[in-house]
There are 2 protein chains.
Amino acid sequence: MSDDGSIDRIVEKVLARLGRSGGEAPNLDGRSCASCAVPGQCASLCPETTARIVREGANRVSSAPGAGSVPKNLAPLIDHTILRADATRAEIETLVDEAKRFRFASVCVNPCWARLCRDALDGTGILVCTVVGFPLGANAPLTKAFETRRACFDGAEEIDMVINVGALKSREDAFVEKEIRGVVESAGAGVTVKVILETAYLDNDEKVRACRAALRARAAFVKTSTGFGPSGATVEDVRLMRETVGPRMGVKAAGGIRSRSDAEEMIRAGASRIGASASVAIVKEE
Amino acid sequence: MSDDGSIDRIVEKVLARLGRSGGEAPNLDGRSCASCAVPGQCASLCPETTARIVREGANRVSSAPGAGSVPKNLAPLIDHTILRADATRAEIETLVDEAKRFRFASVCVNPCWARLCRDALDGTGILVCTVVGFPLGANAPLTKAFETRRACFDGAEEIDMVINVGALKSREDAFVEKEIRGVVESAGAGVTVKVILETAYLDNDEKVRACRAALRARAAFVKTSTGFGPSGATVEDVRLMRETVGPRMGVKAAGGIRSRSDAEEMIRAGASRIGASASVAIVKEE
C-alpha cells in the first residue's frame with residue numbers, strides 16, 4: 001500500500017470515529033458528537049466537521065437517544081449486511097457495489113470475506129464490519145479473541161461479537177464481561193466493538209446484565225440480535241438497552257428490519273445504527 | 001491426573017478408535033473394523049476385541065455402508081447433542097448424566113463446554129465432541145485451526161467442523177480442502193475430525209465435491225448438517241455421501257433425526273453415526 005493510501009485510510013478512520021456514537025473525541029468544531037443533544041443538525045452546528053466528513057465520503061451521523069427527528073437519509077446509519085453461510089464471492093461483490101452506490105456506513109460480512117471487502121472498499125470511507133463468535137457465541141473465549149485479531153489483520157474496522165448467552169443465563173456475568181474485554185483488547189483502539197446480546201433468548205434482567213457487562217468491558221455498542229435467533233430487534237429491547245447503557249454507548253438494532261418505517265421506529269427508540277440485509281430496499285423507499 | 005487415570009484414558013481412546021469407521025488399525029483379533037463386511041457380528045467374529053470394549057465401557061460399533069441389519073442397541077452410535085446458544089451449565093450437566101446412563105458414544109457440545117464435559121466424563125469411555133466454525137463455517141481458515149487446537153486442549157476428542165459453504169459454491173474447492181486439512185492437522189492424530197457439509201445449501205455436484213475435499217484432506221467423517229440450516233439429514237444425502245467417500249470414511253447423519261425409525265433409516269442408507277438432540281427419546285423407544 002502506498003503512503004498516500006495509508007494516510008487516506010487513517011483520515012477516514014479518524015473521521016468515521018468522530019461520527020460514531022461510542023466516540024468521545026471532540027470533532028473539528030470542538031464539540032463531542034457522542035454527547036450531542038441535537039442530532040441531524042451537524043451542518044449548521046458543526047459546519048467544518050460536516051464539510052470534511054462529506055468531502056471524505058465518510059458521512060456518518062449518529063442519532064441521539066430518544067430523538068424525535070429521523071435523519072433525512074438513512075443510508076449513513078446502515079450496515080449493509082450479508083451473513084448467510086452460503087453467500088458466494090459474487091454476492092459479496094454485489095454487496096460492496098451497493099454499499100458504494102448508496103453510501104452505506106459499512107458492509108457487514110462473515111470473517112472469510114473481510115479481506116475481499118477491505119480491498120474493494122479501500123479509499124471509499126465505507127467501513128468493513130465483521131462478526132466474531134457468530135451466531136451462537138458459545139466458543140472458547142480465546143477463540144473469540146483470536147478471531148478478532150485475525151479479522152482486524154484482514155482489515156475489519158468494526159467487530160460484531162456475540163456474548164456467551166449460556167454463561168449469562170447461568171449467571172456467570174464476570175465470565176461474560178471478561179470475554180467481551182478480551183475481544184475489545186484484541187481489537188485495539190482503532191476498531192469499534194459491538195456486543196450482540198441475542199435478546200430473543202433473554203429476559204429483561206438478563207438484557208440489563210448483558211448491557212452492563214458490555215459497558216464495563218468498554219465496548220462501543222450493544223446490539224440486539226444476530227438475525228439467526230428466534231426473533232430480531234424489537235422497539236422495547238432497543239429502548240431498554242438505551243436506558244441501560246446511557247447516551248455514551250451506541251445501540252444497534254438488527255434482525256427483521258425490512259422497511260424504512262421499521263428503521264425509523266428503531267431510531268426513535270434510541271438506536272444509533274441499523275443492521276439490515278434489506279438495506280437497499282429501505283433506502284430506495286425514500 | 002494420576003498415572004492410572006492417564007493409562008485408562010489412553011486405553012479408552014485406543015479402544016474407541018478401533019471401533020470407529022475412519023480407523024485403519026487392526027483390532028485385537030487382527031481384523032480391521034473399518035473394512036469389516038459383517039457389522040454387528042463383533043461378538044462372534046472378534047470376541048477378544050468385543051470383550052475388552054465392553055469391559056472398558058467403550059462399546060461402539062460401526063455400521064458398514066449399505067448393511068441391511070441395524071444394531072440392536074443404537075446408543076453406542078449416538079452423539080448426544082446440545083448446541084443451542086442458550087444452553088446453560090445445568091443443561092450441559094444433565095446431558096452428561098444422560099450420556100453416562102444410556103452409554104452414548106459421545107456428548108456433542110459447543111466449545112465453551114468442552115472442558116466441563118471432559119472433566120465430568122473422565123474414565124467413562126464416553127467421548128467429548130465439539131464443533132468448529134459452527135454453524136456458518138464462514139470464519140477465516142486460521143480461526144478454525146485455532147478453535148480446533150483450543151478444543152483439543154480443553155479435552156475434545158472429536159471435532160465436527162463446518163466447511164466454507166460460500167467458497168464451495170464459488171467453486172473454490174482447493175480452498176475448501178486446504179481449510180479442512182488445517183483443522184485435521186491442528187487436531188492431530190488422536191482426534192476424529194468430522195466435516196459438516198450443510199447439505200441443505202448444496203446441489204448434488206457440490207455435495208460430491210465437498211466429500212472429495214474432505215477425503216483428500218484426510219478427515220475421518222463427512223456429516224450432513226449442523227441442525228441450524230434450513231433442513232437436516234436426508235436418506236438420499238447419506239446414500240450419496242456414502243457412495244462418494246466409500247467404505248473407509250465415516251458418514252454421520254445429523255439434523256432432524258427424532259425417532260428410532262429415522263435413525264435406523266439413516267444407518268441403512270450408510271450412516272455410521274447419528275447426531276441427535278433427541279437421543280434419549282430414541283433410545284427409550286427400544
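The values are calculated or read from the model by the stated rules, or taken from the named source; none is laboratory data. If you're wondering where the values come from, they're calculated on a predicted model, not measured in any experiment. With ideal geometry, Cβ positions are generated from the backbone for all residues, glycine too; neighbour counts draw on all protein chains shown.
Would you point out which residue out of B:222, B:208 is out of contact with any Cys (no Cβ under 8 Å at 6 or more places or on another chain) and not in a loop (DSSP other than H, G, I, E, B)?
Working: B:222 fails: out of contact with any Cys (no Cβ under 8 Å at 6 or more places or on another chain).
That would be B:208, the only listed residue that is out of contact with any Cys (no Cβ under 8 Å at 6 or more places or on another chain) and not in a loop (DSSP other than H, G, I, E, B).
When only residues in segment B:176-195 that are among the β-branched types (Val, Ile, Thr) and outside any strand (DSSP E or B) count, which is farthest from residue B:142 (Cα to Cα)? Give the steps one after another, and end with the answer.
If we filter segment B:176-195 for residues that are among the β-branched types (Val, Ile, Thr), which is where we start, we get B:176, B:180, B:183-184, B:191-193, B:195.
Remaining after also requiring outside any strand (DSSP E or B): B:176, B:180, B:183-184, B:191.
Values: B:176: 13, B:180: 11, B:183: 9, B:184: 12, B:191: 18 Å.
For segment B:176-195, the residue satisfying everything is B:191.
Kindly provide the set of residues from segment A:109-156 that are more than 22 Å from residue B:87 (Cα to Cα), within 11 Å of another protein chain (Cβ to nearest Cβ) and among the β-branched types (Val, Ile, Thr), ordered by number.
Once the filter is applied, which keeps residues that are more than 22 Å from residue B:87 (Cα to Cα), within 11 Å of another protein chain (Cβ to nearest Cβ) and among the β-branched types (Val, Ile, Thr), segment A:109-156 yields A:109, A:130, A:148.
State whether the residues of segment B:93-100 include one that is modelled with pLDDT of 90 or more, within 14 Å of chain A (Cβ to nearest Cβ), crowded, with 18+ Cβ neighbours inside 10 Å and closer than 19 Å to residue A:170 by Cβ. Spell out how you get there, then give the answer.
Residues of segment B:93-100 that are modelled with pLDDT of 90 or more, as a first pass: B:93-100.
Then drop every residue that is not within 14 Å of chain A (Cβ to nearest Cβ), which leaves B:93-95.
Filter once more, keeping what is crowded, with 18+ Cβ neighbours inside 10 Å: B:95.
Adding the requirement that they be closer than 19 Å to residue A:170 by Cβ leaves B:95.
Looking through segment B:93-100, at least one residue is modelled with pLDDT of 90 or more, within 14 Å of chain A (Cβ to nearest Cβ), crowded, with 18+ Cβ neighbours inside 10 Å and closer than 19 Å to residue A:170 by Cβ.
Go through B:121, B:83 for me and flag whichever is without any contact (Cβ under 8 Å) to a residue 60 or more places away in the chain and of a type in the set (A, V, I, L, M).
Residue meeting the stated conditions: B:121.
Does residue A:224 fit the bill of being touching a Gly at 6+ places or on another chain (Cβ under 9 Å), among the β-branched types (Val, Ile, Thr) and closer than 23 Å to residue B:228 by Cα? If you could, list the steps in order and put the result at the bottom.
Values: touching a Gly at 6+ places or on another chain (Cβ under 9 Å): yes; among the β-branched types (Val, Ile, Thr): yes; closer than 23 Å to residue B:228 by Cα: yes.
So residue A:224 passes the test.
Determine, yes or no, whether residue B:274 is touching a strand residue (DSSP E or B) at 6+ places or on another chain (Cβ under 6 Å) and without any contact (Cβ under 8 Å) to a residue 40 or more places away in the chain.
Details: touching a strand residue (DSSP E or B) at 6+ places or on another chain (Cβ under 6 Å): yes; without any contact (Cβ under 8 Å) to a residue 40 or more places away in the chain: no.
In short, no.
Can you tell me which residue within segment A:101-148, out of those that are surrounded by fewer than 24 Cβ atoms within 10 Å (Cβ to Cβ) and among the aliphatic types (A, V, I, L, M), is nearest to residue A:197 (Cα to Cα)?
Going through the qualifying residues, I end up with A:145.
Return the only residue of A:227, A:255 being modelled with pLDDT under 95 and touching a Pro at 6+ places or on another chain (Cβ under 9 Å).
On the way: A:255 fails: touching a Pro at 6+ places or on another chain (Cβ under 9 Å).
Only one candidate qualifies: A:227.
Yes/no per residue for (1) in contact with a Phe, Trp or Tyr (Cβ under 8 Å, 6 or more places away or on another chain); (2) buried (at least 18 other Cβ atoms within 10 Å of the Cβ):
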site	(1), (2)
B:151	no, yes
B:155	no, yes
B:182	no, yes
B:186	yes, yes
B:199	no, yes
B:213	no, yes
B:226	yes, yes
B:236	no, no
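Can you tell me which residue in segment A:243-265 is surrounded by the most Cβ atoms within 10 Å (Cβ to Cβ), limited to those that are touching a strand residue (DSSP E or B) at 6+ places or on another chain (Cβ under 7 Å) and farther than 13 Å from residue A:199 by Cβ?
The residue in question is A:257.
I'd like the full set of residues that are β-branched (Val, Ile, Thr) and either in a helix (DSSP H, G or I) or within 14 Å of chain A (Cβ to nearest Cβ) (or both), limited to segment B:74-92. Can you show your working first?
Within segment B:74-92, the first condition is being β-branched (Val, Ile, Thr), and the residues that meet it are B:78, B:81-82, B:88, B:92.
Scanning segment B:74-92 gives B:81, B:82, B:88, B:92.
Those residues that are away from chain A (no Cβ under 11 Å) and not hydrophobic (A, V, I, L, M, F, W, C), I need them from segment B:216-230; list them, please. Give the steps one after another, and end with the answer.
Within segment B:216-230, the first condition is being away from chain A (no Cβ under 11 Å), and the residues that meet it are B:216-225, B:227.
Result: B:216, B:218, B:223, B:224, B:225, B:227.
With respect to residue B:187, determine if the residue is under 30 Å from residue B:123 (Cβ atoms), away from every other protein chain (no Cβ under 13 Å) and touching a Ser or Thr at 6+ places or on another chain (Cβ under 6 Å). Spell out the reasoning first.
Values: under 30 Å from residue B:123 (Cβ atoms): yes; away from every other protein chain (no Cβ under 13 Å): yes; touching a Ser or Thr at 6+ places or on another chain (Cβ under 6 Å): yes.
Here the answer is yes, as residue B:187 does meet what is asked.
Out of the residues in segment A:48-92 that are among the acidic types (Asp, Glu) and at pLDDT 50 or above, which is surrounded by the fewest Cβ atoms within 10 Å (Cβ to Cβ)?
Taking segment A:48-92 first, the residues among the acidic types (Asp, Glu) are A:48, A:56, A:79, A:86, A:91.
Add one more test, that the residue is at pLDDT 50 or above, and what stays is A:48, A:79, A:86, A:91.
Working: A:48: 11, A:79: 25, A:86: 20, A:91: 17.
Result: A:48.
Run down B:107, B:96 and say which single residue is of a type in the set (A, V, I, L, M, F, W, C), in a strand (DSSP E or B) and over 23 Å from residue B:217 (Cα atoms).
On the way: B:96 fails: in a strand (DSSP E or B).
Going through B:107, B:96 in turn, the sole match is B:107.
Considering segment A:122-175 alone, what residues qualify as being assigned to a helix (DSSP H, G or I) and hydrophobic (A, V, I, L, M, F, W, C)?
Residues of segment A:122-175 that are assigned to a helix (DSSP H, G or I), as a first pass: A:141-153, A:165-169, A:173-175.
Selection gives A:142, A:145, A:146, A:151, A:152, A:153, A:165, A:167, A:168, A:174, A:175.
It is to be established whether one or more residues within segment B:233-244 are under 14 Å from residue B:207 (Cα atoms) and at pLDDT below 90. Reasoning before the result, please.
Within segment B:233-244, the first condition is being under 14 Å from residue B:207 (Cα atoms), and the residues that meet it are B:233-244.
Now restrict to residues that are at pLDDT below 90: B:233.
Within segment B:233-244, one or more residues are under 14 Å from residue B:207 (Cα atoms) and at pLDDT below 90.
Provide a single number: the residues in segment B:158-175 that are facing chain A (nearest Cβ under 10 Å) and within 17 Å of residue B:136 (Cβ to Cβ). Working first, answer last.
Initial filter on segment B:158-175 (facing chain A (nearest Cβ under 10 Å)): B:162-172, B:175.
Now narrow it down to the ones that are within 17 Å of residue B:136 (Cβ to Cβ): B:162-170, B:172, B:175.
The qualifying residues number 11.
In segment B:244-266, how many are without any contact (Cβ under 8 Å) to a residue 60 or more places away in the chain and either not assigned by TED's automatic domain parsing to the domain that holds residue B:205 or not in a loop (DSSP other than H, G, I, E, B) (or both)?
Qualifying residue count, segment B:244-266: 7.
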